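S.K.: Here's a structure for you.
The values are calculated or read from the model by the stated rules, or taken from the named source; none is laboratory data. Here the structure is a predicted model, which is why all the values come from computation and not from measurement. With ideal geometry, Cβ positions are generated from the backbone for all residues, glycine too; neighbour counts draw on all protein chains shown. We work out accessible area using only protein heavy atoms, side chains counted, and drop any ligands, DNA or RNA first. Shrake-Rupley method; radii C 1.70, N 1.55, O 1.52, S 1.80 Å.
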Amino acid sequence: MSKTMLINTTEGHECRIAVVSNGRLEELYTERTSSASQVGNIYKGRVTNIEPSIQAAFIDFGGTKNGFLHISDVHPQHFPSGDKNAVEPVGRRTAHKTRPPIQKCLNRGQEIIVQMTKEGIGTKGPTMTTYLSIPGRLMVFMPGMKHIGISRKIEDEDDRGKLRSILDQLDVPNEVGIIVRTAGVAKSKRDLQRDLSYLSRLWSSVKQRAHQSKAPAEVYQESDLVVRTIRDVFDSQINRIVCDSEDVATTVREFLDVAVPRAKCTIELYLDHKGLFSEFGIEAELQRIHSRTVELPGGGSLVFDQTEALVAIDVNSGSFRQHSNAEKNALKLNLLAAEEICRQLRLRDMGGVIVCDFVDLRQDKNRRQVEKAMRDGLKKDRAKSKVLRLSSFGLMELTRQRLRPSLKQSIYSRCPRCAGSGLVMSDESVALEVMRKLRAACSDTDVTVVEVAVAPTVAQHLANAQRRLIADLERETERTITVLADDDLTQQEIQLVCRNARGSEINCEPPPPTKGDRNARDDMPKTIDLRQYLAEKDKPDGKKDGKDDKGGDGGDGDKKKKSRRGRRGGRRKKKSDAQSGEKQNRDSKDESKKDNSDRQDKGRNDGNDDGGTKKKRRRGRRGGRRHKKTSDRNNNRGDSKDSNDNNKGGNQGNNGNDKGEKN
């Protein structure tokens with residue numbers, strides 16, 4: 001299967017390389033001058049800080065952010081009891097649990113040689129390691145190691161056997177390990193030895209430069225994107241390389257003459273002004289790469305959502321109906337989706353934890369087919385990956401090596417209006433937030449004028465839907481509120497300006513809450529019990545219990561004690577009043593019965609009176625009854641002092657009589 005490599009260059013700004021197979025984009029590499037990759041560069045740095053809690057050190061290598069060096073990336077040469085010339089087998093590092101603490105391996109201010117393995121993403125700095133490696137065309141040169149290995153991507157046992165026999169005959173320097181790359185398959189001993197000699201000379205120059213330089217300094221820089229891509233990606237399947245820059249085409253020709261002199265590949269120069277990627281249909285493919293949704297053949301689709309922690313991929317069946325059996329239809333859709341997911345991960349350069357939600361499958365054998373399709377698709381990827389089994393819920397988890405920010409993060413920047421979320425507050429929500437801020441600002445006694453500036457759509461909503469609320473707030477607080485529309489403000493921005501009576505601008509923002517026990521603070525919010533509030537609200541003005549005209553509680557601690565004693569005495573007084581009132585009620589009832597009997601006798605004697613006289617008498621009796629009831633109530637409410645004196649006098653008289661009888 002033949003492939004074509006397209007190299008599009010914008011002088012001094014950007015370089016894009018695409019690998020196309022049968023008219024379909026398979027691989028994409030981009031790099032800009034302003035953000036050139038530093039992965040693979042070797043630096044002489046200085047230890048600035050050691051964090052034992054995370055077993056890591058931070059290295060100043062001359063970049064904007066310090067590098068992150070974990071204890072697992074510290075070579076045994078830096079161990080406290082280790083030999084400066086210690087070596088480790090390739091792929092068999094010392095176990096993490098047997099490594100000494102990092103605070104015993106490194107010291108603050110110590111100079112150290114490190115290599116960048118991952119660029120900084122977001123707020124995180126780049127990742128560093130002391131296990132150095134210099135890649136060549138056919139092999140990788142690894143100082144401080146002592147093993148000769150073969151890449152795991154070379155799976156054919158015959159090829160691996162031939163390479164082992166050749167490696168045994170090579171002259172490998174001491175304290176150096178090498179790994180043969182996939183490009184070394186079917187190469188002669190002479191080719192491998194020439195590549196090894198070139199890497200040995202390069203390492204000698206790096207050591208000399210590190211010895212002469214003062215930290216922080218760069219002692220080795222990786223090649224540019226063009227040379228690096230041809231070195232790592234070029235193989236016998238690529239039979240055509242098209243460049244739109246004469247200088248780039250010359251560089252490619254010179255590199256291939258040295259690295260792959262017998263390569264059967266033609267190098268062409270594109271001269272049209274239409275654009276190299278547009279001519280081959282790559283620009284339209286790039287637009288689909290940046291899209292959130294990717295259409296599948298037959299009607300299905302993929303939806304990509306990237307977060308800071310992971311990447312979520314959802315497989316939607318849509319109108320995919322290629323089989324009448326539901327299980328077989330879901331299997332075919334999942335197989336197409338697995339192939340496209342692997343391709344999109346390469347093109348978008350997504351890494352970290354990835355979760356794929358496939359269409360549910362009932363049979364285990366069908367799930368295993370989907371897993372195999374994912375593993376086969378990821379074999380084409382240069383980044384390391386690990387795939388877990390498909391769960392019964394249709395979820396598949398996998399990890400992919402992340403060396404740099406994804407293509408989307410490299411091209412796009414966060415939206416200043418939505419902060420990258422894709423959502424903004426509605427006009428009504430912003431208007432309600434404005435009303436809350438206005439009410440809080442108007443509560444300040446120093447504020448006389450409040451000016452609020454918002455987006456035009458929000459200002460229109462305030463002028464229509466919230467006009468009455470703003471007018472009521474002005475009338476209640478006696479403040480002047482002005483709403484302004486500013487085209488320069490985003491949908492969610494609110495600018496509030498408060499002025500005092502002299503026209504000076506003041507700060508009306510509430511102070512932040514203080515720390516400590518909230519019950520012991522003096523800035524507690526003003527609250528009142530609901531029952532007490534309703535009771536005081538129903539009472540007429542000036543008759544609120546325990547409250548003076550200013551709303552105070554009417555006295556200090558001593559007065560409160562006296563008032564409590566007075567209330568207790570008042571309860572005793574009321575009890576004695578009730579007892580005396582009951583006695584008077586009994587006496588008044590006896591008298592009323594006697595009066596009623598006298599009236600009845602008198603009424604019988606006056607039975608010959610006319611009707612008008614009888615009506616007057618009945619009215620008189622009714623009036624007498626009302627008068628009697630009123631007098632009874634008055635008697636019951638009689639002066640408590642007199643009743644207490646009478647009771648007290650009666651009790652004393654009785655006590656005197658009792659004493660006289662005893663005597």
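S.K.: From the set of residues in segment 225-264 that are buried (at least 18 other Cβ atoms within 10 Å of the Cβ) and in a loop (DSSP other than H, G, I, E, B), which is modelled with the lowest pLDDT?
M.R.: Here the residue is 260.
S.K.: When you go through 398, 403 one by one, which is the residue that is under 30 Å from residue 32 (Cβ atoms), in a strand (DSSP E or B) and open to solvent by less than 70 Å² (accessible area, probe 1.4 Å)? Walk me through it before giving the result.
M.R.: Working: 403 fails: in a strand (DSSP E or B).
398 is the lone residue from the list that is under 30 Å from residue 32 (Cβ atoms), in a strand (DSSP E or B) and open to solvent by less than 70 Å² (accessible area, probe 1.4 Å).
S.K.: Residues 442, 418: which one is surrounded by fewer than 16 Cβ atoms within 10 Å (Cβ to Cβ) and more than 30 Å from residue 380 (Cβ to Cβ)? Break it down stepwise before answering.
M.R.: Working: 442 fails: surrounded by fewer than 16 Cβ atoms within 10 Å (Cβ to Cβ).
Step by step, each of 442, 418 is checked, and only 418 is surrounded by fewer than 16 Cβ atoms within 10 Å (Cβ to Cβ) and more than 30 Å from residue 380 (Cβ to Cβ).
S.K.: Scan segment 351-360 residue by residue and report those that are open to solvent by 10 Å² or more (accessible area, probe 1.4 Å) and part of a loop (DSSP other than H, G, I, E, B).
M.R.: Our first condition is that a residue be open to solvent by 10 Å² or more (accessible area, probe 1.4 Å); within segment 351-360, this holds for 352-353, 355, 357, 359-360.
359, 360, listed by residue number.
S.K.: Right, something else. Residues that are open to solvent by less than 20 Å² (accessible area, probe 1.4 Å), farther than 30 Å from residue 193 by Cα, at pLDDT 90 or above and among the hydrophobic types (A, V, I, L, M, F, W, C): does segment 285-292 have at least one?
M.R.: Filtering segment 285-292 down to residues open to solvent by less than 20 Å² (accessible area, probe 1.4 Å) leaves 286, 289.
Subset that is farther than 30 Å from residue 193 by Cα: 286, 289.
Checking which are at pLDDT 90 or above leaves us with none.
Within segment 285-292, none of the residues are open to solvent by less than 20 Å² (accessible area, probe 1.4 Å), farther than 30 Å from residue 193 by Cα, at pLDDT 90 or above and among the hydrophobic types (A, V, I, L, M, F, W, C).
S.K.: Exactly one of these conditions fails for residue 390: (1) outside any loop (DSSP other than H, G, I, E, B); (2) open to solvent by less than 50 Å² (accessible area, probe 1.4 Å); (3) among the aliphatic types (A, V, I, L, M). Give me its number.
M.R.: For residue 390, the exception is condition (1).
S.K.: Looking at segment 295-316, which of its residues are closer than 13 Å to residue 334 by Cα, open to solvent by 40 Å² or more (accessible area, probe 1.4 Å) and not in a strand (DSSP E or B)? Please lay out each step first, then the result.
M.R.: Filtering segment 295-316 down to residues closer than 13 Å to residue 334 by Cα leaves 296-302, 313-316.
In the following step, the residues that additionally are open to solvent by 40 Å² or more (accessible area, probe 1.4 Å) were identified as 297-298, 314, 316.
Selection gives 297, 298.
S.K.: Now, a different point. Of the residues in segment 336-372, how many are of a type in the set (Lys, Arg) and touching a Leu at 6+ places or on another chain (Cβ under 6 Å)?
M.R.: 2
S.K.: Hey, another quick one. Can you tell me which condition residue 371 does not meet? The list is (1) without any contact (Cβ under 8 Å) to a residue 40 or more places away in the chain; (2) in contact with a Lys or Arg (Cβ under 7 Å, 6 or more places away or on another chain); (3) open to solvent by 10 Å² or more (accessible area, probe 1.4 Å), and all the others hold.
M.R.: Unmet for residue 371, out of (1) without any contact (Cβ under 8 Å) to a residue 40 or more places away in the chain; (2) in contact with a Lys or Arg (Cβ under 7 Å, 6 or more places away or on another chain); (3) open to solvent by 10 Å² or more (accessible area, probe 1.4 Å): (3).
S.K.: Identify the residue in segment 161-218 that is of a type in the set (Ser, Thr, Tyr) and out of contact with any Phe, Trp or Tyr (no Cβ under 8 Å at 6 or more places or on another chain) and, among all such residues, is farthest from residue 237 (Cα to Cα). I'd like the intermediate steps shown before the answer.
M.R.: Step one: of segment 161-218, the residues of a type in the set (Ser, Thr, Tyr) are 165, 182, 188, 197-198, 200, 204-205, 213.
Checking which are out of contact with any Phe, Trp or Tyr (no Cβ under 8 Å at 6 or more places or on another chain) leaves us with 165, 182, 188, 197-198, 204-205, 213.
Values: 165: 26, 182: 13, 188: 19, 197: 27, 198: 26, 204: 34, 205: 34, 213: 43 Å.
It comes out as 213.
S.K.: Same structure again: What is the number of the single condition among (1) touching a Gly at 6+ places or on another chain (Cβ under 8 Å); (2) at pLDDT 90 or above; (3) farther than 17 Å from residue 356 by Cβ that residue 399 does not meet?
M.R.: Result: residue 399 passes all but (3).
S.K.: Based on this model, can you work out whether residue 348 counts as out of contact with any strand residue (DSSP E or B) (no Cβ under 7 Å at 6 or more places or on another chain) and farther than 30 Å from residue 129 by Cα? Break it down into steps so the answer makes sense when it comes.
M.R.: Numbers: out of contact with any strand residue (DSSP E or B) (no Cβ under 7 Å at 6 or more places or on another chain): yes; farther than 30 Å from residue 129 by Cα: no.
So residue 348 fails the test.
S.K.: Could I ask something else about it? Could you tell me which residue of segment 443-500 is nearest to residue 424 (Cα to Cα), considering only residues that are under 37 Å from the mean Cα position of the chain (by Cα) and hydroxyl-bearing (Ser, Thr, Tyr)?
M.R.: So, considering only residues that are under 37 Å from the mean Cα position of the chain (by Cα) and hydroxyl-bearing (Ser, Thr, Tyr), the one nearest to residue 424 (Cα to Cα) is 490.
S.K.: Now for a different question. If I ask for residues that are closer than 20 Å to residue 458 by Cβ and open to solvent by less than 70 Å² (accessible area, probe 1.4 Å), which ones from segment 468-478 would you list? Explain how you work it out, then say what you get.
M.R.: The initial filter retains those residues of segment 468-478 that are closer than 20 Å to residue 458 by Cβ, namely 468-474.
Within segment 468-478, 470, 471, 472, 473, 474 qualify.
S.K.: Hey, residue 339 hits all of (1) surrounded by 21 or more Cβ atoms within 10 Å (Cβ to Cβ); (2) in contact with a helix residue (DSSP H, G or I) (Cβ under 8 Å, 6 or more places away or on another chain); (3) part of a helix (DSSP H, G or I) but one; which does it fall short on?
M.R.: For residue 339, the exception is condition (1).
S.K.: I've got another one for you. Return the only residue of 154, 150 being closer than 24 Å to residue 117 by Cβ and crowded, with 18+ Cβ neighbours inside 10 Å.
M.R.: After applying the criteria, what remains is 150.
S.K.: Return the residue satisfying two criteria in turn: it lies in segment 82-140 and is more than 26 Å from residue 197 (Cα to Cα) and among the small types (Gly, Ala, Ser), and of such residues it is modelled with the lowest pLDDT.
M.R.: Here the answer is 82.
S.K.: Filter segment 173-213 for residues that are part of a loop (DSSP other than H, G, I, E, B) and in contact (Cβ under 8 Å) with a residue 40 or more places away in the chain; which is least open to solvent (accessible area, probe 1.4 Å)?
M.R.: Residues of segment 173-213 part of a loop (DSSP other than H, G, I, E, B): 173-175, 181, 185-188, 213.
From what's left, in contact (Cβ under 8 Å) with a residue 40 or more places away in the chain: 175, 181, 187, 213.
Numbers: 175: 93, 181: 47, 187: 59, 213: 32 Å².
Filtering first and then ranking leaves 213.
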